Amino acid sequence: MLQIYHVTTTRGMRVIWLCEELGLPYEVTKIDFSPAFRATPEWRALNPVGKVPVLADGETVMFESCAMMQYVLDRYADGALRPAVESPDYAHYLQWLWFGEATFSRPLGEIVNHGREFPGDARIPEVVDEMANRAADCLRAIGDHVAGREFLVGDAFTAADISVGYGIHLADMLTPERVPETLRDYWQRLQARPAFAIAKAA
Ligand SMILES: N[C@@H](CCC(=O)N[C@@H](CS)C(=O)NCC(=O)O)C(=O)O
């Protein structure tokens, strides 16, 4: 049974959303998100940089959310939720899958980290603005891409929509005024998926 160590609304949502879409059994273990707990040897043994999520599949332990998705798809999805490797869509599928974390969610995560490390008056607005601008650039690129499309790649929902959808979820919580009109319909389509609602509540 897949074991997902998670904190509500964090990146473990991606793996929960994926398992729900695939109908795969999994178990969620909620962890204490305090920096103190994440610094413990016990947690660092699972995630050496003290972040969440962690995925355990028997003896296999992973600490990078999009890699977890790729692992679950490779092992357990029988070709679902992604184009075939031979398909012309495959390269773009991989691109959006990794863009969702590496380029898009990263500045958003740093806004959260900044708020924790520099609370109240210590906040440096220029730093937060700069990260929000980087995320807004990604939101604009996604909005331009999905205009007139149902999903990011081809004409079917894929795991890339989960990866990027999690980033939009973060942006909608942190910088809602910067979520452009161009991706409203797409974002509503993602939020209407029952698997999204379950992952969000988990
Ligand atoms: N690239 C990693 C990022 C993990 C990450 O930043 N997780 C956040 C929660 S969503 C976290 O643990 N933040 C605490 C911190 O960075 O101190 C992944 O996708 O798993």
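Bear in mind that the values in this text are calculations on the coordinates, not laboratory data. All values derive from a computational prediction rather than experimental measurement. Cβ coordinates were reconstructed from backbone atoms using ideal geometry, including for glycine residues, and neighbour counts include every protein chain displayed.
Extension gain, E181 to D74, is 35.1 nm, computed as 0.36 nm per intervening residue step minus the present C-alpha separation. For the chain, what does the alpha-carbon gyration tensor say about shape, rounded, prolate or oblate, given a ≥ b ≥ c as the root eigenvalues, a/c under 1.5 as rounded, and a/b over b/c as prolate? Oblate is the answer for the chain, as a/c is 1.5 or above yet b/c matches or exceeds a/b.
Most simply put, the chain has about 55% antiparallel DSSP beta bridges, counting only bridges with both residues inside it. Whole-Hz Karplus values for segment 154-160 come out as x, 10, 10, 5, 10, 5, 5 Hz, taken residue by residue from phi with 6.51 cos²θ - 1.76 cosθ + 1.60 and θ = phi - 60°; glycine and proline positions read x. In this calculation the C-beta distance from H114 to E86 is compared with R0 = 45 Å, giving a FRET efficiency of 0.55.
Remark: relative contact order (segment 90-193) = 38 percent; criterion is Cα-Cα distance under 8 angstrom and separation of 6 or more residues.
Once a ≥ b ≥ c are taken as the square roots of the eigenvalues of the Cα gyration tensor of segment 140-189, is the result rounded (a/c under 1.5), prolate (a/b larger than b/c) or oblate (a/b not larger than b/c)? Oblate, because a/c is 1.5 or more while a/b does not exceed b/c.
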